Each structure stands twice: as structure tokens, then as C-alpha cells.
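Let me begin by presenting the structure, written as C-alpha cells, before commenting on it.
The values are calculated or read from the model by the stated rules, or taken from the named source; none is laboratory data. Bear in mind that the values here come from a model prediction, so they are computed numbers and not experimental data. Neighbour counts run over all protein chains shown; Cβ positions are idealised from the backbone, glycine included. Each accessible area value is taken on the protein alone, full model and side chains, heavy atoms only, with ligands, DNA and RNA left out. Shrake-Rupley method; radii C 1.70, N 1.55, O 1.52, S 1.80 Å.
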Amino acid sequence: MSTTITLHCNRSWADGACPVRLYTDAPSITEARGIGRGLGWRTHPSGQDFCPGHSGTPPTPASNVFYLTQAAGPAQYQGAPEGPTPLETCDTAARELRTLAAATSHEIATNPYWHSENAERGLWFTNGVGNAVSGLPGVLAGLLDPVAARLLAQILGSHRNTQKPIPAEVFLLARAIQRNRAR
């Protein structure tokens, strides 16, 4: 199971709340707050979290990205195990999605189970998953058909030839795919 804990800045004023948030892949709120502290976040004794701009600490670079130049993954914190870089994580997830999309496309085309008179050919996968898994879980699972998986792989792989930072959401998605695939 993949876990993502997001810290939200609790600073509010007359016109609204601070939109700053920090995505982490920490398995507990304590570890997420530890990551935040390393980036200038502060946790009030009441349990509210404040971003660097509202915590009285000096501003830090954008905290919602992981940089391609990191040598050993995003968890550069004391005691954290070394792992693949964010770029390697995204590449691996993209490769896995492409492989699964190709295999699924072949399965849909050759296995009569997927063929349905109740759905047009482009919706055979969605229809088949919906029949196998009832309710909203089936709807959710059916949304990631081979076409969507290939597009997602393209998004994950789009950071290969650029020096721009990888958005945290992209990295965390790739990490979730890898974790779920490894189960």
C-alpha cells in the first residue's frame, strides 16, 4: 500500500487560507513533519503546520518539487534508506505502464472474455473491469485502460530530457505505481 501525507499550511486571514502544501511520501505524520522541518516548516503545539513563509523561518526553495540532480532519491533525511533517483523512479514506472498497456491491449484483442456486444470496442476494457469488479472500485479500475496508461507513461517519462524539476505529484505517482506493482 502506498502512503502520501500532505502538510497544509494552517495560516488563515480574512480573505482565506494559505494555499502552500508539502507532498511527502512519509508513512506517518511524524515523519512527514520531520521532512517539513528540514524544509523550514513549523508545527505548532496545537498540531497545526505552518509553511516556511508563515513559520518565522527563512524561505526555502519551492518545496513541492524533487530535483533531478538528487543522487539518491527524495528521502535525504537522517536514517533514510538510499533509493533510486526521482528520474529513475519515473522512468521505471513509465516503462512498467507501457509494458502493461501493451500486454493488456493484446489480451483485449485476443481473449473473447473482453469482447462485448454491450459496449463499443474502445470500451471493452472498461466494461470488462466493471463486470468483474462491482461498484465504484470497478469504475475507478476501468478508467485506466491501455490508452490512459500509455498517456500516463508519457507524462512520467517526459522529464527524461529536461533539467526542469520533477513536480512532486509526478514523482509520488511514479512511486505509488512502483510500490503497488511490487506487492
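Of note:
- Residue within the stretch 167-182 that is without any contact (Cβ under 8 Å) to a residue 60 or more places away in the chain and open to solvent by 70 Å² or more (accessible area, probe 1.4 Å) present: yes
- Residues satisfying the stated conditions in the stretch 13-35, i.e. within 17 Å of PHE171 (Cα to Cα) and either modelled with pLDDT under 75 or surrounded by 19 or more Cβ atoms within 10 Å (Cβ to Cβ) (or both): LEU22, TYR23, THR24, ASP25, ALA26, ALA32, ILE35
- Sole residue being at pLDDT below 70, of a type in the set (A, V, I, L, M) and in contact with a helix residue (DSSP H, G or I) (Cβ under 9 Å, 6 or more places away or on another chain), chosen from ALA75, ALA102: ALA75
- The helices (runs of 4 or more DSSP H) falling completely within the stretch 119-158 include none with 3 or more residues that are touching a residue at least 60 places away in the same chain (Cβ under 8 Å) and basic (Lys, Arg).
- Residues within the stretch 89-118 that are part of a helix (DSSP H, G or I) and surrounded by 14 or more Cβ atoms within 10 Å (Cβ to Cβ), tallied: 16
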